[in-house]
Amino acid sequence: MTPEILFSYVGTAAMVGWALLVLGPRRFTWFNAIPLWIIPAGLSAVYAALIFSRFSGMGGGFDSLSNVATLLADDWALLAAWVHFLAFDLFIGAVMAARMDRVGVGRLVQTPILLSTFMLGPLGFLIAALTELGLRARRLPTQTKSLEGTHYVFA
């Protein structure tokens, strides 16, 4: 298999995860597991396979920008980096979507936030975190009592 073909497969898997996250119903726990755990875990397994099978003896490293550039000049290493982004961005998007659901952010507001997480990773995460923080800060003391006992992922 070539890096280009594998790139297509992992990209398709990530797109399915994002489509499920943005368009799918979140009231089913089993359904939420697909973009939160199943697809990111599959992508992580591909990443692990790439790292363990291809990185031996590769030039470059992580100690300087030029060494990172040397490392990522190899198509397999570049693909591994891309799979790393796909897995983590989808997982973070799913976690942030669940958190925004819990504080009452509607799906219409979530959609552009999730799309920015998909396209711009950390920027989307920052927007989601600030949105959640803003909603929590605006709650009146009587409203916050309804959140007691609620389990938050990574809260």
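Collect the residues in the range 41-57 that are closer than 21 Å to ILE92 by Cβ and surrounded by 14 or more Cβ atoms within 10 Å (Cβ to Cβ), keeping them in residue-number order. So that I can check it myself, show each step before the final result.
Of the range 41-57, the ones closer than 21 Å to ILE92 by Cβ are 41-48, 50-51.
Passing the criteria: GLY42, LEU43, SER44, VAL46, TYR47, LEU50, ILE51.
Touching a Lys or Arg at 6+ places or on another chain (Cβ under 8 Å) and either under 19 Å from LEU20 (Cβ atoms) or free of Cβ contacts under 8 Å to residues at least 40 places away in the same chain (or both), is that true of ALA98?
Numbers: touching a Lys or Arg at 6+ places or on another chain (Cβ under 8 Å): yes; either under 19 Å from LEU20 (Cβ atoms) or free of Cβ contacts under 8 Å to residues at least 40 places away in the same chain (or both): yes.
For ALA98, the condition - touching a Lys or Arg at 6+ places or on another chain (Cβ under 8 Å) and either under 19 Å from LEU20 (Cβ atoms) or free of Cβ contacts under 8 Å to residues at least 40 places away in the same chain (or both) - is met.
Residues checked against (1) touching a residue at least 40 places away in the same chain (Cβ under 8 Å); (2) of a type in the set (Gly, Ala, Ser):
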position: SER64; (1), (2): no, yes
position: ALA69; (1), (2): no, yes
position: LEU79; (1), (2): yes, no
position: ILE113; (1), (2): no, no
position: LEU126; (1), (2): no, no
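Considering PHE91, PHE52, which residue is out of contact with any Lys or Arg (no Cβ under 8 Å at 6 or more places or on another chain) and in contact (Cβ under 8 Å) with a residue 40 or more places away in the chain? Walk me through it before giving the result.
On the way: PHE52 fails: in contact (Cβ under 8 Å) with a residue 40 or more places away in the chain.
Sole residue among the options that is out of contact with any Lys or Arg (no Cβ under 8 Å at 6 or more places or on another chain) and in contact (Cβ under 8 Å) with a residue 40 or more places away in the chain: PHE91.
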Out of curiosity, is ARG54 over 17 Å from the mean Cα position of the chain (by Cα), within 19 Å of MET15 (Cα to Cα) and at pLDDT below 95?
no
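For the range 26-40, give me each residue that is more than 16 Å from THR12 (Cβ to Cβ) and either buried (at least 16 other Cβ atoms within 10 Å of the Cβ) or of a type outside the set (Val, Ile, Thr) (or both). It would help to see each step written out before you state the result.
Quick first cut of the range 26-40, residues more than 16 Å from THR12 (Cβ to Cβ) only: 26-33, 36-37.
Within the range 26-40, ARG26, ARG27, PHE28, TRP30, PHE31, ASN32, ALA33, LEU36, TRP37 qualify.
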Name the pairs: first residue in the range 14-30 and touching a residue at least 60 places away in the same chain (Cβ under 8 Å) and under 18 Å from ASP89 (Cα atoms), second residue of a type in the set (A, V, I, L, M) and part of a helix (DSSP H, G or I), Cβ to Cβ under 6 Å, at least 6 apart or on different chains?
ALA14/LEU86; ALA14/LEU90; GLY17/ILE39; GLY17/LEU90; LEU21/ALA94; LEU21/ALA97; VAL22/LEU114
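The values are calculated or read from the model by the stated rules, or taken from the named source; none is laboratory data. Since the structure is predicted, the reported quantities are computational estimates derived from the model, not experimental observations. Positions of Cβ are backbone-derived with ideal geometry, glycine not excepted, and every protein chain shown enters the neighbour counts.
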